[in-house]
């Protein structure tokens, strides 16, 4: 059986139909990234819509949002993965693709097991340029290094999950691109915003010119003092 030109074993090995292959896990990961960052894209869009006429307030709001993302993005990402894997058997992306993370005995991970898999295990898989993730291709049970050190498996328990997952991936990607696009368009079409930006640029240019003039004058005075 083929799907979009790829044989079924690309996504799920025929000899081991219960083990999820690399590409479907990658697709689930991309879906998770889109879902996770959709919240921040939505907040950025809200700030742009609310404070479009006040450049200073808009920059402060977006600056605070980006600072929050910079400081806490990794922590929130781990909480997202660990909490959902412990309680649902996998992140939203994995569940949409019909995947479940289990122990070698087929049980759901405990909180400690889940934290170890994502924090320590992901570090182990990624430390050598991501070679630990590519190990999924060769391992008979489709385990990456993070799966092996944490004694976990990723099982595809729903064969129809691939279609649902691809639809979900398309939807979340479209929404993310749409939010980003309309935010940029809204900024570009706002005459008030563009005028404020132009005024700020002119102020910066004036400051730079004044600094250059002052520097040139100081250099001239210094040169004359040397002559005397």
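Below are the figures for this structure:
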read-out: Flag if residue 115 is surrounded by fewer than 19 Cβ atoms within 10 Å (Cβ to Cβ) and part of a helix (DSSP H, G or I); value: no
read-out: Test: residue in segment 157-164 that is assigned by TED's automatic domain parsing to the domain that holds residue 85, part of a helix (DSSP H, G or I) and surrounded by fewer than 17 Cβ atoms within 10 Å (Cβ to Cβ); value: yes
read-out: Near pairs, Cβ below 6 angstrom, 6+ apart or cross-chain, from segment 21-45 (closer than 30 Å to residue 59 by Cα and assigned by TED's automatic domain parsing to the domain that holds residue 155) to any residue that is modelled with pLDDT of 95 or more and part of a loop (DSSP other than H, G, I, E, B); value: 32/91
read-out: Among residues of segment 50-87, those that are in a helix (DSSP H, G or I), in contact with a helix residue (DSSP H, G or I) (Cβ under 7 Å, 6 or more places away or on another chain) and modelled with pLDDT under 95, counted; value: 6
read-out: The listed residue being assigned by TED's automatic domain parsing to the domain that holds residue 19 and either over 20 Å from residue 118 (Cα atoms) or buried (at least 21 other Cβ atoms within 10 Å of the Cβ) (or both), out of 154, 149; value: 154
read-out: Pair list, Cβ under 6 Å, 6 or more apart: segment 57-74 residue more than 17 Å from residue 36 (Cα to Cα), other residue surrounded by fewer than 13 Cβ atoms within 10 Å (Cβ to Cβ); value: none
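The values are calculated or read from the model by the stated rules, or taken from the named source; none is laboratory data. Source: prediction; values computed, not measured. Methodologically, a virtual Cβ is constructed for each residue, glycine included, from the backbone with ideal geometry; neighbour enumeration extends over all protein chains shown.
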